[in-house]
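Undergrad: The structure that follows is given in the form of structure tokens.
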Amino acid sequence: MARTGHLTHYLNKKMMNTENKNEIRVLSPTAILGYGFPEESFWEGMRRQPDVIAVDAGSTDPGPYYLGAGYSFTDRNAVKRDLAIMIPAALEAGIPCMIGTAGGSGARPHVEETIGIIKEIVAEKNLHFKMAVIQSEFEKDYIKEKIRKGDISPLGPVPELKESDVDESIHIVAQMGEEPYIKALEEGAQVILAGRSYDPCEFSALAISKGFDKALAIHMGKILECAAITALPGSGSDCMLGTLKKDSFVVEPLNPIRKCTALSVAAHSLYEKSNPYFLPGPGGALDLHETKFNQLSDTQVEVSGTKFVPTEEYFVKLEGVRRVGYRTMSPAATHDPVMISQIDTVVEKVRERVEDNFRNSGMKDFYLDFKIYGKKGVMHMFPETPDSQSDELLIIIEAVAPTQEEANTICGFARSTMLHYGYEGRISTAGNLAFPFSPSDCKMGAVYEFNVYHLMRIEDTCAPFPITYMNF
């Protein structure tokens, strides 16, 4: 295993013993694996002698497509670049490297794709280590049995889960907690590659396994999973270091152009939470009522007082998607003030024309939408939002239908109808729309939606998440 050359001043030990340490240091290289990081920041983090390198590799933020299609929303070459730095550095330092929600969504195809990337790195760099692979995708029969036992309940304003929903699902995963990671550590894993995970757990697992306060470990993980987004100026592609002590933790960026402030860290503690004081997760929730944020230096913030409130039973969040059809879209623009003044009427008349044209054709089961950017393209789902004003509009014509061919037909007809629609006051009859591309219609492929967004009660925190080991 070739040495990196950056760490020879202290990396003469291959396994770091954390049993008697009074602090745990966690290096978070980037907000999402594949987003990248400056190498200078990373090696500055390694000079701080971290006890673990941890990274979150996924999210539901990009929507249901990636879970359904089995693809990652991050570029493969970018993921490989990040891992090719992180894994050798962790091995040379004798510390674990933990990767959560592999491949962006954490189902089996995503985990397998990441395994393939790691195998390439192993071969190219002649690495030797033990890797744990933790799966988080469930067989449909397992979920159905859980439904029959009454172990699954809605998460938020969604209907009860039915067995027919399970049958329609492409992939169903659950957010594991830190327990499977701890088990893999105890069984000697140097690299841990996990499927869908609760975001903070790859950052908190080592500390919790060593007896550090669970609430502080998870809270620190919540901040570190987004890396330098917490800092000012924020960045999802730069490194952060967290130092967990017995009764507090300290976070700091590793790039000198950034700093953490009490306000920026407190603000990020509210991130992705429906209630500012509670952060629910597997087995319980963080309680921030007594949390304090203390500015230690220009770049460091200390956090204390966070509590963990366990639930009586242990629940994990399920995520599943079903395919609803295929999409075709056509982007077009207009600068005509007459058309802009009547755009709502034009859209409705074009929609009526499309529906009338295909009423007796057998193509009734389609979805047609017009997203008007420059008017209310972002906020169109909130009717009470006032319209914005612009002298140009971008119109996204979207059709979703049971087959790609039907979606192509609906979108094409809607596009040609709007292009030549004769609205009142129109002067030019050559065409109403400007198309930025030729061909004008984009065939987008399969469309998915979340149909499983529920909580599942489990008794054994590790058994549903099987671990296999690979020895390189």
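Undergrad: Consider the range 360-374. How many of its residues are assigned to a loop (DSSP other than H, G, I, E, B) and either in contact with a Phe, Trp or Tyr (Cβ under 8 Å, 6 or more places away or on another chain) or surrounded by 10 or more Cβ atoms within 10 Å (Cβ to Cβ) (or both)?
TA: Counting residues in the range 360-374 that are assigned to a loop (DSSP other than H, G, I, E, B) and either in contact with a Phe, Trp or Tyr (Cβ under 8 Å, 6 or more places away or on another chain) or surrounded by 10 or more Cβ atoms within 10 Å (Cβ to Cβ) (or both) gives 5.
Undergrad: Using the structure shown, decide if V378 is surrounded by 14 or more Cβ atoms within 10 Å (Cβ to Cβ), over 30 Å from L244 (Cβ atoms) and in the same structural domain as G422 (by TED's automatic domain parsing).
TA: Against the criterion (surrounded by 14 or more Cβ atoms within 10 Å (Cβ to Cβ), over 30 Å from L244 (Cβ atoms) and in the same structural domain as G422 (by TED's automatic domain parsing)), V378 does not qualify.
Undergrad: Enumerate the strands (runs of 3 or more DSSP E) found wholly within the range 79-163, keeping only those where 3 or more residues are touching a residue at least 60 places away in the same chain (Cβ under 8 Å) and not β-branched (V, I, T).
TA: In the range 79-163, 97-100, 130-134 are the strands (runs of 3 or more DSSP E) which contain 3 or more residues that are touching a residue at least 60 places away in the same chain (Cβ under 8 Å) and not β-branched (V, I, T).
Undergrad: Now for a different question. Assuming S59 fulfils every condition listed in (1) of a type outside the set (F, W, Y); (2) in a loop (DSSP other than H, G, I, E, B); (3) surrounded by 22 or more Cβ atoms within 10 Å (Cβ to Cβ) apart from one, which condition is it?
TA: Against the list (1) of a type outside the set (F, W, Y); (2) in a loop (DSSP other than H, G, I, E, B); (3) surrounded by 22 or more Cβ atoms within 10 Å (Cβ to Cβ), S59 comes up short only on (3).
Undergrad: Is the range 218-232 home to any residue that is of a type outside the set (F, W, Y), more than 30 Å from G320 (Cα to Cα) and either part of a loop (DSSP other than H, G, I, E, B) or free of Cβ contacts under 8 Å to residues at least 60 places away in the same chain (or both)?
TA: yes
Undergrad: Could you tell me whether any residue of the range 244-251 is of a type in the set (D, E, K, R) and in contact (Cβ under 8 Å) with a residue 60 or more places away in the chain?
TA: Yes; the residues of the range 244-251 include at least one that is of a type in the set (D, E, K, R) and in contact (Cβ under 8 Å) with a residue 60 or more places away in the chain.
Undergrad: Within the range 432-469, track down each residue that is surrounded by 17 or more Cβ atoms within 10 Å (Cβ to Cβ) and closer than 30 Å to E392 by Cα.
TA: The answer is N432, L433, S440, D441, M444, V447.
Undergrad: Given (1) within 22 Å of L318 (Cβ to Cβ); (2) surrounded by fewer than 18 Cβ atoms within 10 Å (Cβ to Cβ); (3) in contact (Cβ under 8 Å) with a residue 24 or more places away in the chain, identify the lone condition not met by G281.
TA: The single condition G281 does not satisfy is (2).
Undergrad: Within the range 397-425, can you find the residues that are exposed (fewer than 15 other Cβ atoms within 10 Å of the Cβ) and either outside the structural domain of D365 (by TED's automatic domain parsing) or more than 14 Å from N357 (Cβ to Cβ) (or both)?
TA: Scanning the range 397-425 gives P402, T403, E405, G422, E424, G425.
Undergrad: Moving to a separate point now. How about the range 375-472: which strands (runs of 3 or more DSSP E) wholly inside it have at least 3 residues that are under 26 Å from the mean Cα position of the chain (by Cα) and within 30 Å of E186 (Cβ to Cβ)?
TA: Per the criteria, 442-458, 467-471.
Undergrad: Of all residues in the range 314-372 being under 20 Å from C442 (Cα atoms) and basic (K, R), which is farthest from the chain's Cα centre (by Cα)?
TA: Out of the qualifying residues, it is R351.
Undergrad: From the list K210, K149, pick out the single residue that is under 30 Å from T299 (Cβ atoms), at pLDDT 95 or above and either surrounded by fewer than 18 Cβ atoms within 10 Å (Cβ to Cβ) or in contact with a His (Cβ under 6 Å, 6 or more places away or on another chain) (or both).
TA: Just one listed residue meets the conditions, K210.
Undergrad: If you don't mind, there's one more thing I want to ask. Might you let me know whether the range 322-339 holds any residue that is under 30 Å from T429 (Cβ atoms), part of a loop (DSSP other than H, G, I, E, B) and not acidic (D, E)?
TA: Within the range 322-339 (the criterion being under 30 Å from T429 (Cβ atoms), part of a loop (DSSP other than H, G, I, E, B) and not acidic (D, E)), the answer is yes, since at least one residue qualifies.
Condition check ((1) touching a residue at least 40 places away in the same chain (Cβ under 8 Å); (2) farther than 14 Å from R327 by Cα; (3) of a type outside the set (D, E)) across all residues:
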position: K375; (1), (2), (3): no, yes, yes
position: D387; (1), (2), (3): no, yes, no
position: D391; (1), (2), (3): yes, yes, no
position: I397; (1), (2), (3): yes, no, yes
position: G412; (1), (2), (3): yes, no, yes
position: R426; (1), (2), (3): yes, yes, yes
position: G431; (1), (2), (3): no, yes, yes
position: F437; (1), (2), (3): yes, yes, yes
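Undergrad: Hey, another quick one. In contact with a strand residue (DSSP E or B) (Cβ under 8 Å, 6 or more places away or on another chain), surrounded by 18 or more Cβ atoms within 10 Å (Cβ to Cβ) and over 18 Å from S105 (Cα atoms), is that true of M131?
TA: Yes.
Undergrad: For the range 260-300, which strands (runs of 3 or more DSSP E) that fit wholly inside it have 1 or more residues that are within 29 Å of A174 (Cβ to Cβ)?
TA: Per the criteria, 278-281, 284-287.
Undergrad: Just to be sure before I move on: is Y314 at pLDDT 95 or above and assigned by TED's automatic domain parsing to the domain that holds I458 in the structure I sent?
TA: Taking the combined requirement at face value, the residue satisfies it.
Undergrad: Additional query: Filter the range 383-396 down to the residues that are surrounded by fewer than 17 Cβ atoms within 10 Å (Cβ to Cβ) and either polar (S, T, N, Q) or closer than 24 Å to E352 by Cβ (or both) and list them by number.
TA: P383, T385, D387, S388, Q389, S390, I396, listed by residue number.
The values are calculated or read from the model by the stated rules, or taken from the named source; none is laboratory data. Computed from a predicted structure; not experimentally measured. Every residue, glycine among them, receives a Cβ derived from its backbone with ideal geometry; neighbour counts consider all protein chains shown.
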